[in-house]
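A.B. asks: Sharing a structure here in structure tokens format.
The values are calculated or read from the model by the stated rules, or taken from the named source; none is laboratory data. Because the structure is a prediction, the values reported are computed rather than measured. Cβ atoms come from the backbone with ideal geometry, glycine included; neighbour counts cover every protein chain shown. Just the protein is used for accessible areas: all its heavy atoms, side chains included, with ligands, DNA and RNA removed. Shrake-Rupley method; radii C 1.70, N 1.55, O 1.52, S 1.80 Å.
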Protein chains: 2
Amino acid sequence: MSHAPRGAAPPPAPDFLLPERRARIDAVVAQRTRTLTVVMEAFADPQNTSAVLRTAESFGVQEVHVVVGPQKRYDRNKKISQNADKWLEVVRWKDTPSCLAALKARGFRVYATHLGEGVRGLSELTFAEPAALVFGNEHAGVSAEARRLADACFAIPMRGFSQSFNVSVAAAICLARAVDRRELERGRHGDLPPAELEALRARFYALSVKQRGRIAKAARVAERRKA
Amino acid sequence: MSHAPRGAAPPPAPDFLLPERRARIDAVVAQRTRTLTVVMEAFADPQNTSAVLRTAESFGVQEVHVVVGPQKRYDRNKKISQNADKWLEVVRWKDTPSCLAALKARGFRVYATHLGEGVRGLSELTFAEPAALVFGNEHAGVSAEARRLADACFAIPMRGFSQSFNVSVAAAICLARAVDRRELERGRHGDLPPAELEALRARFYALSVKQRGRIAKAARVAERRKA
């Protein structure tokens, strides 16, 4: 365990990381973005939150927004998120308008999933500008506020009898599409400015050193028990 | 409840279906295909099987293959599949070679997901020909047999620290991509020949009549309890 105080960034101590791990971190950071994000609005099932976090992390989405619902707080599920949230910035909000207003002030186009009449298809959305994809509660869908504040409502075309996709499946389909479109429309997906890239790299080095420390400690404990 | 014997197709009794329901069935059948399929190989978690069935149904995939694993049998989970399997043909196999040989004999290109060296990216696959997407066990991945028998191994590019997507998320991303590509390469996704289309329509009418009968019966029971 690192003895650095909580909150303060411990020194990167790069000698403690294997070159392969450093190369992996560098590759991940190069594919990270803060111009594509996900908003999870009042999810009822924390497993869905964890699943979306894992998917977002896998697509290089660095920042994710969680609007806390009335029923349950977001509860970290390590098994499902596979610790993905450790590598993410998860921003928690008490209400949807504050969250969406903040994103719009930062220049995001807000796209809310909604299975209503006259909404656009996923394939019609553009990702040339920064974009936030809003997913709603599993039962009620996105709120009326989210629909009102969104730049557009959209849906994944449904071709069968099922009325909807599971929300973590929907998020994956939308993120996959968004990343493809971004590469077409923006030329690339990962786009952190140099200073942010450096800061994130340093943070990931530090997190990995901590992780390595924990693994080494666990190995020593296991060794001692065997002895 | 219908009094038709199990297994025999009851008469379509179209008068019993609302016109909206018939129109919905017709629309679904027009988008159905048997030239895109999914093979689930020895999944450990039946919830994943149920989730993939729901996703496949939503994408109009009519036929799905399940290779039963040594650990657990496929156990129907209504909550997660949302009864999607009712509208599907789920073919069960005892082993992978029999399943893949049967598909190849029918002209399918077999694409196995595999996170190894030198595999293709999802975006490199072609869907001009009938195609089967093989997803492996959550821990072990696809079997060596599946990799050997496949026409190609492929992976969804991973951009973050997570080593893999959840298998139901992976299936959704691949199916979304496959449907897009099919529309580009084949001009359309739903492609049942007229006779199959008619037979499926008749089956869905009959299933819906049964369902309507059950709903009506449940309503009568509830009414009687209230009285």
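A.B. asks: Which of the residues belonging to segment B:18-59 are within 9 Å of chain A (Cβ to nearest Cβ), surrounded by 24 or more Cβ atoms within 10 Å (Cβ to Cβ) and assigned to a helix (DSSP H, G or I)?
C.D. replies: B:A51, B:R54, B:T55, B:A56, B:E57, B:S58 - these are the residues of segment B:18-59 that are within 9 Å of chain A (Cβ to nearest Cβ), surrounded by 24 or more Cβ atoms within 10 Å (Cβ to Cβ) and assigned to a helix (DSSP H, G or I).
A.B. asks: Then there is this: For segment B:207-221, state whether one or more residues are at pLDDT below 95, within 14 Å of chain A (Cβ to nearest Cβ), open to solvent by less than 30 Å² (accessible area, probe 1.4 Å) and not in a loop (DSSP other than H, G, I, E, B).
C.D. replies: Yes, because at least one residue in segment B:207-221 is at pLDDT below 95, within 14 Å of chain A (Cβ to nearest Cβ), open to solvent by less than 30 Å² (accessible area, probe 1.4 Å) and not in a loop (DSSP other than H, G, I, E, B).
A.B. asks: (1) away from chain B (no Cβ under 13 Å); (2) open to solvent by 60 Å² or more (accessible area, probe 1.4 Å): which one isn't true of A:Q163, the others all being true?
C.D. replies: (1) is the only condition that A:Q163 fails.
A.B. asks: For a quick check of your reading of the model, give me the residue pairs whose first member lies in segment B:189-208 and is in contact (Cβ under 8 Å) with a residue 60 or more places away in the chain and within 15 Å of B:L88 (Cβ to Cβ), whose second is basic (K, R) and not in a helix (DSSP H, G or I), with beta-carbon atoms closer than 9 Å and at least 6 apart or on different chains.
C.D. replies: Qualifying pairs under 9 Å: B:G190/A:R159; B:G190/B:R32; B:L192/B:R32; B:L192/B:R34; B:E196/B:R32; B:E196/B:R34; B:L200/B:R32.
A.B. asks: Okay, moving on. In segment A:182-197, how many are within 12 Å of another protein chain (Cβ to nearest Cβ), open to solvent by 70 Å² or more (accessible area, probe 1.4 Å) and not in a helix (DSSP H, G or I)?
C.D. replies: Number satisfying all stated conditions: 1.
A.B. asks: Hey, among A:A150, A:A140, A:A131, which residue is more than 14 Å from chain B (Cβ to nearest Cβ) and either without any contact (Cβ under 8 Å) to a residue 24 or more places away in the chain or surrounded by fewer than 17 Cβ atoms within 10 Å (Cβ to Cβ) (or both)? Spell out the reasoning first.
C.D. replies: On the way: A:A150 fails: either without any contact (Cβ under 8 Å) to a residue 24 or more places away in the chain or surrounded by fewer than 17 Cβ atoms within 10 Å (Cβ to Cβ) (or both); A:A131 fails: either without any contact (Cβ under 8 Å) to a residue 24 or more places away in the chain or surrounded by fewer than 17 Cβ atoms within 10 Å (Cβ to Cβ) (or both).
When all the criteria are applied, what remains is A:A140.
A.B. asks: Restricting the first residue to segment B:94-109 and requiring it to be closer than 12 Å to B:M40 by Cα, which pairs with a second residue that is assigned to a loop (DSSP other than H, G, I, E, B) and open to solvent by less than 40 Å² (accessible area, probe 1.4 Å) meet a Cβ separation below 7 Å and a spacing of at least six or different chains?
C.D. replies: B:T96/B:S143
A.B. asks: From B:G118, B:G107, B:G136, B:G141, grab the single residue that is on the phi > 0 side of the Ramachandran plot, in contact with a strand residue (DSSP E or B) (Cβ under 8 Å, 6 or more places away or on another chain) and not aromatic (F, W, Y).
C.D. replies: Details: B:G118 fails: in contact with a strand residue (DSSP E or B) (Cβ under 8 Å, 6 or more places away or on another chain); B:G107 fails: in contact with a strand residue (DSSP E or B) (Cβ under 8 Å, 6 or more places away or on another chain); B:G136 fails: on the phi > 0 side of the Ramachandran plot.
Going through B:G118, B:G107, B:G136, B:G141 in turn, just one is on the phi > 0 side of the Ramachandran plot, in contact with a strand residue (DSSP E or B) (Cβ under 8 Å, 6 or more places away or on another chain) and not aromatic (F, W, Y): B:G141.
A.B. asks: Collect the residues in segment A:102-116 that are modelled with pLDDT under 95 and of a type in the set (G, A, S), keeping them in residue-number order. Can you show your working first?
C.D. replies: Restricting attention to segment A:102-116, the residues satisfying the condition of being modelled with pLDDT under 95 are A:115-116.
Residue satisfying the conditions is A:G116 alone.
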